[in-house]
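A.B. asks: One structure, pasted below without further comment.
Please treat every number below as a calculation from the coordinates, not as lab data. Treat the numbers as computed from the prediction; the structure is a model and nothing was measured. So basically every Cβ, Gly included, is an ideal-geometry build from the backbone, and we count neighbours across all protein chains shown.
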Amino acid sequence: MAKRKVYLDHGATTPLRKEVLDEMMPYLTNSFGNPSSIHSFGREARVAVEKARQQVADAIGASPNEIIFTSGGTEADNMAIQGVARALSSRGKHIITSAIEHHAVLDACQSLEKEGFSLTYLPVDKYGLVQLKDLEKAIRPETILVTIMFANNEIGTVQDVAGIGKICRSRGVYFNTDAVQAIGQLDVNVQEQNIDLLSMSAHKFYGPKGIGVLYKRQGVKLKPIIFGGGQERKFRPGTEYVAGIVGMGKAIELAVAEMETKTAKMRELRDYFVAGLLEIGGVTLNGHPQQRLPNNVNVSIHNAEGEALLLNLDMEGVAASSGSACTSGSLEPSHVLRAIGLKHEVAHGSLRLTLGKDTEREDIDYTLKVLKPIVARLRKITGTLVRE
Amino acid sequence: MYNEKVMDHFQNPRNVGEIQDADGVGEIGNARCGDIMKIFIKVKEGRIEDIKFFTFGCGAAIASSSALTEMVKGKSLEEALSVTNEDVARELGGLPSVKMHCSNLAADALHKAIEDYKSRCRN
């Protein structure tokens, strides 16, 4: 098998689609107007922004006036969490989240904890699932927000979002969900799933980087955390990134239209990949076997360390990621892998491989072929060191 | 992120393995931070006649273990004891700063192996 380039890190980011770039180009060149201007240049940009707003709203069962464009998923998460906290702190100062959230949510929650809010971090089972009965028990009269991710970025586990939404709605508590990994892969409908606030990011579904959305259900009380103008109904002031917004609109339209066929193919490849990885031996799957993102594979390769695996795979042209401490920028392995109960040494050997809409079986076969000798070599260096 | 010399030691580590009848063994690190090293030495007439290692860890951990074994093989115990983790990093042409404390522990493991050898001699 000849050497090839295999990108299996679509959970980190995806390439910009040609059709999306084509839609964006006019707004990076001739149609440069500021949507707030009243002249023809401005009006043209305004029309484009509002068209994209409609495209995003249609994709998740929302109304256009519920869509706020942001700089990305992290900003949207912060706006939702800090915005609700500011708006409702007189009613209560308790927020519920889960132990496996993205740092955009966890760090925002921790900053509120320092300001005197009390936080409940719901545990997850060995698959990464939040238990609905734990959520029901955790809601108190002073609870103002539940923020639980739609699908986990590391291990791919998909939560019972509709179940969580139903509980929150019946108890009169806002439900925010970080849906950054879900768009284009899972059915997202803010009405059916009783979602009050939702974050997404365009570059996860073949759109541009630097643009995201916060969905805010009409009537949800939110205070802005950025100030400076009337844009996005004052929730996110600042001149709009028109080309990015246009790109996001086109990208989400395509992602939702193609979701059924693309995810069916990815699911099949994912399961084929997992089976191949388990055949190596001393390999365990992280996350839920079925209730997971169609594109997500996460395994622990025992007696091998994540960064060493990644470096070797990279030399063979395969791009992946890991939850090992060495790649997380801290001295601790991923909080998600620890929360599902993995021992440190097993967490350090984690490998995340996220497929894309264009990943082919040959890419998987190539990856499995190059990975086997890498694992054997690293295990030889580990020797008898790790005793489990 | 790693220079060529580090990558060479990572890809082609020298002296990997175990010495069955080692005169001294030293282990350092913990699973928490993800780097564990074990050094085996064979000592003859006050010199390190043979040295081997096992390492569970990242690229820097494997490379620094490998480089250390090359640096001290054939050296007297006194010379070997004077080698520090910083010397190993220097020999490798530098390591990323985040790796200096968690992954660059080979010299400490060696010092433990030499202590082990000395305590065996005393008993």
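A.B. asks: If you take the beta carbon distance between A:Leu119 and B:Ser97 as r and set R0 to 41 Å, what does 1/(1 + (r/R0)^6) give as a FRET efficiency, to the nearest 0.05?
C.D. replies: 0.80
A.B. asks: Another question, then. Modelled label-to-label distance, A:Asn65 and A:Ser89, 7 Å Cα→beta-carbon offset: nm?
C.D. replies: So the label points at A:Asn65 and A:Ser89 sit 2.9 nm apart.
A.B. asks: Let me ask something else about it. Per DSSP H run of at least 4 residues, take -39500 (n - 2.57); add these up for chain A, divide by its residues and hand me the 222 nm value, nearest 500 deg cm²/dmol.
C.D. replies: -13000 deg cm²/dmol
A.B. asks: So what is the 222 nm mean residue ellipticity for chain B from helices alone, if each DSSP H run of at least 4 adds -39500 (n - 2.57) and you divide by all residues, rounding to the nearest 500 deg cm²/dmol?
C.D. replies: Result for chain B, helices only: -12500 deg cm²/dmol.
A.B. asks: For peptide A:344-356, what's the mean number of Cβ atoms from other chains within 10 Å of each residue's Cβ?
C.D. replies: Partner-chain Cβ atoms within 10 Å, mean over residues of A:344-356: 2.
A.B. asks: Now for a separate question. Once you compute Rg and the Kirkwood Rh from C-alpha atoms, what is the Rg to Rh ratio for chain B?
C.D. replies: 0.96
A.B. asks: Further, regarding this structure: What does the average come to when, for each residue of peptide A:161-172, you count the partner chain Cβ atoms lying within 10 Å of its Cβ?
C.D. replies: That average works out to 0.
A.B. asks: Once R0 is set to 25 Å, what does the formula 1/(1 + (r/R0)^6) return for the Cβ-Cβ distance between A:Leu28 and A:Gln54, expressed as a FRET efficiency to the nearest 0.05?
C.D. replies: Computed FRET efficiency for A:Leu28 and A:Gln54: 0.70.
A.B. asks: Another question about this same structure. Can you bin the stretch A:18-254 into rounded, prolate or oblate? Criterion: square roots of the alpha carbon gyration tensor eigenvalues sorted a ≥ b ≥ c, rounded for a/c under 1.5, prolate for a/b above b/c, oblate for the rest.
C.D. replies: prolate
A.B. asks: In the stretch A:1-39, which residues have a backbone nitrogen under 16 Å from the label point lying 7 Å from A:Ile280's Cα in the Cα-to-Cβ direction?
C.D. replies: Inside the label zone: A:6-9.
A.B. asks: Rounded to the nearest 20 Debye, what is the dipole magnitude of the protein assembly as shown about its Cα centre when Lys and Arg each give +1 and Asp and Glu each give -1 at the C-beta?
C.D. replies: 900 debye
A.B. asks: Just in the stretch A:212-273: which chymotrypsin sites (Phe, Trp or Tyr not before Pro) are loop by DSSP and have at most 11 other Cβ atoms within 10 Å?
C.D. replies: Those satisfying the criteria are A:Phe227.
A.B. asks: Moving on to the next point. Using 0.36 nm per residue, how much length does the chain from A:Ser36 to A:Asp365 gain when fully extended, once their Cα-Cα distance is taken away?
C.D. replies: Answer, rounded to one decimal: 113.3 nm.
A.B. asks: Can you pull the mean other chain C-beta count within 10 Å for peptide B:32-42?
C.D. replies: What the average comes to for B:32-42 is 5.
A.B. asks: Name the residues whose placed amide hydrogens come within less than 5 Å of the amide hydrogen of A:Ser350, ignoring near sequence neighbours (fewer than 5 apart) on the same chain.
C.D. replies: The answer is A:Ile301, A:Gly306, A:Gly323, A:Ser324.
A.B. asks: Please check: in the Gaussian network model of chain A (C-alpha springs, under 10 Å), which one of A:Glu115, A:Glu19, A:Glu332 has the largest mean-square fluctuation.
C.D. replies: A:Glu115
A.B. asks: If the elastic network links every pair of Cα atoms under 10 Å, which of A:Thr120, A:Thr29, A:Thr70 fluctuates the most in the Gaussian network model of chain A?
C.D. replies: Highest fluctuation of the listed residues: A:Thr29.
A.B. asks: So which residue, out of B:Asn85, B:Asn104, B:Asn30, gets the largest mean-square fluctuation from a GNM of chain B using Cα contacts under 10 Å as springs?
C.D. replies: B:Asn30
A.B. asks: Shifting gears a bit: State, to one decimal in nm, how far the label point of A:Val47 lies from the label point of A:Lys126, with both points 7 Å from Cα in the Cβ direction.
C.D. replies: Between A:Val47 and A:Lys126, the label points sit 5.9 nm apart.
A.B. asks: Now for a separate question. Out of the DSSP beta bridges found with both residues in chain A, what percent are antiparallel (nearest 5)?
C.D. replies: If I count the DSSP bridges inside chain A, around 55 percent turn out antiparallel.
A.B. asks: Any idea what diffusion coefficient the protein assembly as shown gets from Stokes-Einstein, in µm²/s, Kirkwood Rh on alpha carbon pairs, 37 °C, 0.692 mPa s?
C.D. replies: It comes out at roughly 131 µm²/s.
A.B. asks: So how tilted is helix B:59-72 from the main axis of chain B? Cα-based, degrees 0 to 90, rounded to 10.
C.D. replies: Approximately 40 degrees, to the nearest 10.
A.B. asks: Let me ask something else about it. Give the shape of the stretch B:74-123 as rounded, prolate or oblate, defined through the alpha-carbon gyration tensor: a ≥ b ≥ c are the square roots of its eigenvalues, a/c under 1.5 means rounded, and otherwise the shape is prolate if a/b is larger than b/c and oblate if not.
C.D. replies: In terms of gyration-tensor shape, oblate.
A.B. asks: What whole-number distance in Å separates the alpha-carbon centres of the stretch B:42-96 and the stretch A:1-36?
C.D. replies: So the separation of the two Cα centres works out to 47 Å.
A.B. asks: Could I ask something else about it? By the gyration tensor of its Cα atoms, with a ≥ b ≥ c the square roots of the eigenvalues, what is the shape of the stretch A:150-249: rounded for a/c under 1.5, prolate for a/b over b/c, or oblate?
C.D. replies: Verdict is oblate for the stretch A:150-249.
A.B. asks: May I pose another question? In nm, to one decimal, how far is the modelled label at A:Lys5 from the one at B:Glu78, with both set 7 Å along Cα→Cβ?
C.D. replies: Modelled inter-label distance: 5.7 nm.
A.B. asks: In debye, nearest 20: dipole of the stretch A:18-254 around its Cα centre with unit charges on the Cβ of K, R (+) and D, E (-)?
C.D. replies: The calculation lands at about 740 debye.
A.B. asks: Could you tally the net charge around A:Gln290, taking each other residue with its Cβ under 12 Å from the Cβ of A:Gln290, Lys/Arg +1 and Asp/Glu -1?
C.D. replies: +2
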